[in-house]
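These notes concern the structure reproduced below.
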């Protein structure tokens with residue numbers, strides 16, 4: 001069972017959320033488009049091992065400047081602006097889990113964060129992590145990587161860090177598995 005973050009989430013102060021109840025037609029359409037876009041990519045990933053080869057494949061198949069990645073980035077920005085994609089925040093990080101495991105993204109959960117020159121909590125990826133970096137402002141780097149796809153292998157751990165600006169980071173976690181360690 002995934003561990004919970006070692007901080008109390010608060011409503012995101014970054015922007016005033018739109019009606020995130022899902023009642024609005026535009027919000028529902030954006031949510032459906034987001035689930036479809038990431039679901040398409042998750043289906044293509046399938047049961048490929050989470051390793052350096054997958055990272056190369058993702059960046060070749062779904063380059064940051066390609067239509068699928070540009071559309072996904074647009075949907076992340078829209079979901080953030082609408083208030084439903086990252087409805088919580090803590091320690092300067094807006095976050096949300098819009099897709100639970102074994103849903104639209106196959107066996108993966110989908111989490112999205114907005115980080116601006118900040119470090120997140122140390123955590124492990126028991127089954128690995130697949131991520132997509134979307135620059136917002138400045139020249140942001142997530143763990144030293146700029147825009148596009150990255151893959152952390154099963155058992156990896158890190159302190160997620162965005163430096164040089166602001167970025168959205170979408171990440172898929174097989175079976176939603178993540179362990180927050182409480183380490184600095």
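The values are calculated or read from the model by the stated rules, or taken from the named source; none is laboratory data. The structure displayed is predicted, hence computed values, not measured ones. Using ideal geometry, Cβ is built from the backbone for each residue, glycine included, and neighbour counts are taken over all protein chains shown.
Observations, loosely collected:
- In the range 119-132, the qualifying residues are those that are more than 13 Å from the chain's Cα centre (by Cα) and assigned to a strand (DSSP E or B), and the one that is nearest to residue 49 (Cα to Cα) is 125.
- The range 76-94 - residue that is surrounded by fewer than 21 Cβ atoms within 10 Å (Cβ to Cβ) and in contact with a helix residue (DSSP H, G or I) (Cβ under 8 Å, 6 or more places away or on another chain) and, of those, farthest from residue 161 (Cα to Cα): 82
- For residue 182: the one exception among (1) over 14 Å from the mean Cα position of the chain (by Cα); (2) assigned to a strand (DSSP E or B): (2)
- Filter result for residue 5 (more than 24 Å from residue 181 (Cβ to Cβ) and either modelled with pLDDT under 95 or part of a helix (DSSP H, G or I) (or both)): no
- Of the residues 135, 154, the single one that is assigned to a strand (DSSP E or B), on the phi < 0 side of the Ramachandran plot and surrounded by 15 or more Cβ atoms within 10 Å (Cβ to Cβ) is 135.
- Screening residue 149 against (1) farther than 25 Å from residue 49 by Cβ; (2) surrounded by 22 or more Cβ atoms within 10 Å (Cβ to Cβ); (3) in contact (Cβ under 8 Å) with a residue 60 or more places away in the chain leaves a single unmet condition, (1).
- Residue match in the range 95-110 (condition: loosely packed, with under 15 Cβ neighbours inside 10 Å, outside any strand (DSSP E or B) and out of contact with any helix residue (DSSP H, G or I) (no Cβ under 6 Å at 6 or more places or on another chain)): yes
- Any chance residue 45 is within 15 Å of the chain's Cα centre (by Cα), modelled with pLDDT of 95 or more, more than 19 Å from residue 135 (Cα to Cα) and surrounded by 19 or more Cβ atoms within 10 Å (Cβ to Cβ): no
- Taken together, the residues in the range 48-70 that are in contact with a helix residue (DSSP H, G or I) (Cβ under 6 Å, 6 or more places away or on another chain) and surrounded by fewer than 15 Cβ atoms within 10 Å (Cβ to Cβ) amount to 1.
- Taking each residue of the range 30-51 that is without any contact (Cβ under 8 Å) to a residue 12 or more places away in the chain and looking for partners that are surrounded by 15 or more Cβ atoms within 10 Å (Cβ to Cβ) with beta-carbon atoms closer than 6 Å, six or more apart or interchain, yields 48/54.
- Listed by position, the helices (runs of 4 or more DSSP H) inside the range 24-89 whose residues that are within 17 Å of residue 109 (Cα to Cα) number at least 2 are 25-45, 67-82.
- Sole exception among (1) surrounded by fewer than 19 Cβ atoms within 10 Å (Cβ to Cβ); (2) part of a loop (DSSP other than H, G, I, E, B) for residue 116, by number: (2)
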